[in-house]
Amino acid sequence: MVDLYSWLKNAVETELLYLDNSYLKSAVASLLDYACDKPGRCYLVLDKTIFHPKTGGQASDTGWVKGEGFKFRVEKALMVKNAVAHYSRLIEGEVPVKGSKVALELDWEPRYKAMRLHTAGHILDYAVMKAYGRHVNTLEAQHAPPNAYIEYDARNVSEEVVEEILREATRIVEEARRVNIFWVSWQELSSRIYNAPNLQRLPRTSRYRIVEIEGVNAIPCTGTHVSNTKEVGRIKILRLEETIRGLKLYYDVD
């Protein structure tokens, strides 16, 4: 069993390529280190990655790490401190030496679905706010199939409220609004965000990545997103569940 925290607590920070370009399907990186918990099952640490780890309500990407004479199947990516550990199964060849150049390839279809779902989640945040006529915080979220959901600090849901949420979300998708990604400092944050939930839980850091759906909301977020709401497709509200804390909304896109 690999103690990931002890191993990676002083590791070099992984460059997260998806933060600036969610559409990257492949890239070249260097293998910095690895640790195997059983033959052919290894955690790979690279200098850069296109694989989004399981974090921020988004599931881990999967795909391939390949090189001269070897091929790994990436089954999950985990964020440990500032490094990403790619848990991988050796399919061909032998574990390469540290410093080897590797080719990264995403499983694009599930990644693109995650991008559409995550952007749909931001749209739903706004639609819920409009339907309730007040600021509504999110309590928990999972932007991943087969059970994507957002839990809101809201109650007293009615059929009319659900219809208003769906109507507003559909309008935003059909208006084909641009989705912008930009970075701001702590000092700039308050003037660049709007209609953003959960700000009281936002940690203090030197800079923030903002995902803005033009005219809808601008939210601190490290997830992957589409560049236009039209790409989201049709948002479907599958079911609603009342919880101890509020309301859990299950949704999908097609």
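Just one of the numbered conditions (1) surrounded by 16 or more Cβ atoms within 10 Å (Cβ to Cβ); (2) at pLDDT 95 or above; (3) of a type outside the set (Val, Ile, Thr) is not true of Gly57; which one?
In the conditions (1) surrounded by 16 or more Cβ atoms within 10 Å (Cβ to Cβ); (2) at pLDDT 95 or above; (3) of a type outside the set (Val, Ile, Thr), Gly57 misses (2) alone.
Quick check on region 70-79. Is at least one of its residues among the aromatic types (Phe, Trp, Tyr), over 17 Å from the mean Cα position of the chain (by Cα) and modelled with pLDDT of 95 or more?
Yes: region 70-79 contains one or more residues that are among the aromatic types (Phe, Trp, Tyr), over 17 Å from the mean Cα position of the chain (by Cα) and modelled with pLDDT of 95 or more.
Could you check region 168-188 and list, in sequence order, the residues that are outside any strand (DSSP E or B), in contact (Cβ under 8 Å) with a residue 24 or more places away in the chain and either of a type outside the set (S, T, N, Q) or not assigned by TED's automatic domain parsing to the domain that holds Arg116 (or both)?
If the condition is that a residue be outside any strand (DSSP E or B), in contact (Cβ under 8 Å) with a residue 24 or more places away in the chain and either of a type outside the set (S, T, N, Q) or not assigned by TED's automatic domain parsing to the domain that holds Arg116 (or both), then Glu168, Ala169, Ile172, Val173, Glu174, Glu175, Ala176, Arg177 are the ones that fit.
Across region 147-160, what is the total count of residues that are touching a residue at least 12 places away in the same chain (Cβ under 8 Å), surrounded by fewer than 18 Cβ atoms within 10 Å (Cβ to Cβ) and more than 14 Å from Glu242 (Cα to Cα)?
Number of matching residues: 1.
Restricting to region 122-144, and then to whatever is small (Gly, Ala, Ser) and part of a helix (DSSP H, G or I), can you tell me which residue is nearest to the chain's Cα centre (by Cα)?
Selected residue: Ala127.
Could you list all residues from region 33-82 that are of a type in the set (A, V, I, L, M, F, W, C), free of Cβ contacts under 8 Å to residues at least 60 places away in the same chain and touching a Pro at 6+ places or on another chain (Cβ under 8 Å)?
Phe70, Ala77, Met79
All but one of (1) out of contact with any His (no Cβ under 6 Å at 6 or more places or on another chain); (2) assigned to a loop (DSSP other than H, G, I, E, B) hold for Arg239, so report the exception by its number.
(2)
Filter region 80-121 down to residues that are hydroxyl-bearing (Ser, Thr, Tyr) and assigned to a strand (DSSP E or B) and give me whichever is nearest to Pro53 (Cα to Cα).
Filtering first and then ranking leaves Tyr87.
The values are calculated or read from the model by the stated rules, or taken from the named source; none is laboratory data. Every value quoted in this text rests on a predicted model; they were computed, and no experiment measured them. We place every Cβ from the backbone using ideal geometry, glycine too, and count neighbours over all the protein chains shown.
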